[in-house]
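Step one of this worksheet: look at the structure below.
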Amino acid sequence: MSIEKQNQGDLKIKQKFLGAGQTPVNSGGVSRGTNAKLAGLAASDNTSALQAVILEKKLKYQEKLEGAQLKTEIKRARLGGDKALTIRRRFTNNAIASSMWMCGLLVLVILASIGYELIRRGIGIISPYFLSVSMKGVYGGMEAGGIYHAMMGTLLITLVAAAISVPLGLLVAIYLTEYAGNTKFAKLTTTLVDVMTGIPSIVAGLFAAALFTMVIGPAYRSGLMGAVALSVLMIPLVVRSSAEMLRLVPNDLREASYALGVPKWRTVISVVLRTSAAGLVTSVVVAIARIVGETAPLLITAGMFDAINNNVFSGRMETLPVYIYQQYTSTVSCAAHAVNCNPTINVDRAWGAALVLVFAVLVLNLGARFLAKKLSIGK
């Protein structure tokens, strides 16, 4: 009796699933054949109730696939078919690739034109004499004088600015990435650093001038004042770029160090800084290259000086950007029968100094790449 009831129950389940597994009207010929085959298998006497359930699931999955296929066919029909879709994709891809190539070529043309103009107008005055003498005693249109005092001023002021900015910037970056977390003070510090990144350079010069005026006096001018002004511009750059480099260090390295019992400060020094050393060096050099060409803050702080001054704590110092500005804005008028007077000598000196400055920035960037390659782990 129980066997007959079970057979009757299996028959009802099969009939139910046969009704649920009817082939949709919009299905293709292949799908109708598949569903008919499944329905015939479900109707056979050798199929149990469990197998009927499995077949019912297969039927529903098949209907779902048919619906998705139907939607895809309708979409392709609206777009014009596979051929139209392929043509559209190829056209879009070629258009975007062509625009990228055009932008890259445009940038290369601009850079090449700048380099060509610098070399064409500045190479003629470059000589050992021009690089080894100052402008002391040179006046009018005399074909004499050089940029040695400006090069020394640029070197000394940049070194002092880097000595102020690099430790402070790295310490702030380490604090933000390793210790601060998501505290309100960390968010406030990050916001202030972002704001400082976008301040005009003249504001940094005014800040340094006001600071030294309050501390020492209004008549004080020195390379140190210019270095402080440049450090105001350099610190946020070092903080932002160094923090990004530190965040790239995998947390697995930190956790492995902690698992070995190494304290956090030692982990930061030996693991985090060592791993990101290449990126940190690149960040510092990029920040130095950013400030080495500043003119406005140095006009207010270090001023102009035509002689050699190697003391950054006393007296005015001239830098290459200020020298270029001074020479290019100075006009020379020669008399009719003047001897040793060149009316374009100041402009020639400005182009020569600009070529030297660009070459110095190029050397800095190449040096940064070399150091980054040497400091990279596994190289």
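The values are calculated or read from the model by the stated rules, or taken from the named source; none is laboratory data. Note that this is a predicted model, so its numbers are computed, not measured. Quick reminder, even Gly has a Cβ in these numbers, built from the backbone with ideal geometry, and neighbours come from all protein chains shown.
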Inset, instruction - Go through the stretch 195-231 and give me each residue that's over 16 Å from residue 284 (Cβ atoms), surrounded by 21 or more Cβ atoms within 10 Å (Cβ to Cβ) and in contact with a helix residue (DSSP H, G or I) (Cβ under 6 Å, 6 or more places away or on another chain). - result: 204, 205, 208, 223, 225, 226, 228, 229
Inset, instruction - Hand me the list of helices (runs of 4 or more DSSP H) wholly inside the stretch 169-263 holding 1 or more residues that are of a type in the set (S, T, N, Q) and in contact (Cβ under 8 Å) with a residue 24 or more places away in the chain. - result: 184-197, 201-215, 223-247
Inset, instruction - Restrict the check to the stretch 315-337 and report whether at least one residue is in a helix (DSSP H, G or I), assigned by TED's automatic domain parsing to the domain that holds residue 223, closer than 15 Å to residue 224 by Cα and of a type outside the set (Ser, Thr, Tyr). - result: no
Inset, instruction - With the condition kept exactly as written, say whether any residue in the stretch 264-279 is touching a Gly at 6+ places or on another chain (Cβ under 8 Å) and over 19 Å from residue 146 (Cα atoms). - result: no
Inset, instruction - Pick out the one residue from 173, 150, 163 that is among the small types (Gly, Ala, Ser), at pLDDT 90 or above and under 22 Å from residue 342 (Cβ atoms). - result: 150
Inset, instruction - Could you tell me whether residue 302 is assigned by TED's automatic domain parsing to the domain that holds residue 167, aliphatic (A, V, I, L, M), touching an Asp or Glu at 6+ places or on another chain (Cβ under 8 Å) and not in a helix (DSSP H, G or I)? - result: yes
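Evaluate the stretch 106-123: report whether one residue or more is farther than 20 Å from residue 362 by Cα, surrounded by fewer than 11 Cβ atoms within 10 Å (Cβ to Cβ) and among the hydrophobic types (A, V, I, L, M, F, W, C).
Checking the stretch 106-123: at least one residue is farther than 20 Å from residue 362 by Cα, surrounded by fewer than 11 Cβ atoms within 10 Å (Cβ to Cβ) and among the hydrophobic types (A, V, I, L, M, F, W, C).
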Legend entry - Condition check for residue 289: under 24 Å from residue 156 (Cβ atoms), in a helix (DSSP H, G or I) and either modelled with pLDDT under 90 or small (Gly, Ala, Ser) (or both): yes
Legend entry - Options 333, 376; residue that is of a type in the set (S, T, N, Q) and under 30 Å from residue 283 (Cβ atoms): 376
Legend entry - Within the stretch 118-129, tally of residues that are outside any loop (DSSP other than H, G, I, E, B) and in contact (Cβ under 8 Å) with a residue 40 or more places away in the chain: 4
Inset, instruction - Report yes if residue 134 is surrounded by 14 or more Cβ atoms within 10 Å (Cβ to Cβ), within 30 Å of residue 237 (Cα to Cα), of a type outside the set (D, E, K, R) and in the same structural domain as residue 308 (by TED's automatic domain parsing), otherwise no. - result: no
Legend entry - Pairs with Cβ under 8 Å, 6+ apart, first in the stretch 130-158 and on the phi < 0 side of the Ramachandran plot and among the charged types (D, E, K, R), second surrounded by fewer than 15 Cβ atoms within 10 Å (Cβ to Cβ) and not in a helix (DSSP H, G or I): 136/307; 143/340
Inset, instruction - Kindly check whether there is at least one residue in the stretch 146-156 that is over 29 Å from the mean Cα position of the chain (by Cα), part of a loop (DSSP other than H, G, I, E, B) and closer than 26 Å to residue 361 by Cα. - result: yes
Inset, instruction - Please verify whether the stretch 286-302 includes one or more residues that are without any contact (Cβ under 8 Å) to a residue 24 or more places away in the chain and among the polar types (S, T, N, Q). - result: no
Legend entry - Contacts under 9 angstrom Cβ, first residue in the stretch 336-359 being on the phi > 0 side of the Ramachandran plot, partner of a type in the set (D, E, K, R), 6 or more apart: 340/143
Legend entry - Pick from the stretch 164-194, criterion small (Gly, Ala, Ser) and surrounded by fewer than 19 Cβ atoms within 10 Å (Cβ to Cβ), ranking: nearest to residue 296 (Cα to Cα): 186
